[in-house]
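The values are calculated or read from the model by the stated rules, or taken from the named source; none is laboratory data. If you're wondering where the values come from, they're calculated on a predicted model, not measured in any experiment. FYI the Cβ positions are ideal-geometry reconstructions off the backbone, even for glycines, and counts take in every protein chain you see. Please note that ligands, DNA and RNA were not included when accessible areas were found on the heavy atoms of the full protein model with its side chains. Shrake-Rupley method; radii C 1.70, N 1.55, O 1.52, S 1.80 Å.
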Amino acid sequence: MADGTKLVASNRRARRNFDIADTFEAGMVLVGSEVKSLREANVQIADGYVRFDRGQAWLQGVHIAPYLHSQGFSGHDPDRHRKLLMHRREIDRLSHQVDVERVSVVPLSIYFRNGRAKVELGVGKGRNTIDKRDAVAKRDAEREMHRELRNRNR
């Protein structure tokens, strides 16, 4: 993360369940109580995904808990669909990839950059159980190789 960036939540499960090929950054349309709740890190993004509808990108399945100190009328729906702020080219390209290449767009992390809430989106295909085991075995083998090289150089 760059300077001026404060991580709020990360979706580690997405990197395990999906083979992430590309990442994007997008802004989110939020109400005041959602921003305050995000600053307190009251968010769950594990079940989140992005849908494209009529040329717009929508973040769904993300739960931002109601702000504790908000009044009843100034609160928000914790599971509402949130509009993503992206360039038209990006939306069109991602929408085309989802339709043609059968990929998924999932949130990887939510963070504040220079006071603005951002979401990092990952584009990738879902992994099955065998692929997950292969990825874990490959990661463990590389970790062991680096450990041996480090010990040999001592």
- request: Run residue 19 past the list (1) in a strand (DSSP E or B); (2) open to solvent by less than 50 Å² (accessible area, probe 1.4 Å) and report the number of the one that doesn't hold.
  value: (2)
statement: Given the conditions (1) at pLDDT below 85; (2) open to solvent by less than 40 Å² (accessible area, probe 1.4 Å), every one holds for residue 45 apart from (1)
message: Regarding the range 103-126, can at least one residue be identified that is within 18 Å of residue 52 (Cα to Cα) and not in a strand (DSSP E or B)?
response: yes
message: Given the criterion more than 18 Å from the chain's Cα centre (by Cα), crowded, with 16+ Cβ neighbours inside 10 Å and in contact (Cβ under 8 Å) with a residue 40 or more places away in the chain, identify the matching residue among 109, 33, 104.
response: 33
message: Please verify whether residue 50 is in a helix (DSSP H, G or I), touching a Ser or Thr at 6+ places or on another chain (Cβ under 9 Å) and either surrounded by fewer than 20 Cβ atoms within 10 Å (Cβ to Cβ) or not small (Gly, Ala, Ser) (or both), treating the condition exactly as stated.
response: no
query: How many residues are more than 26 Å from residue 32 (Cβ to Cβ), touching an Asp or Glu at 6+ places or on another chain (Cβ under 8 Å) and not small (Gly, Ala, Ser) if we restrict to the range 80-127?
result: 3
field: Residue list for the range 63-101, restricted to those being open to solvent by less than 50 Å² (accessible area, probe 1.4 Å), in a loop (DSSP other than H, G, I, E, B) and modelled with pLDDT of 90 or more
entry: 86
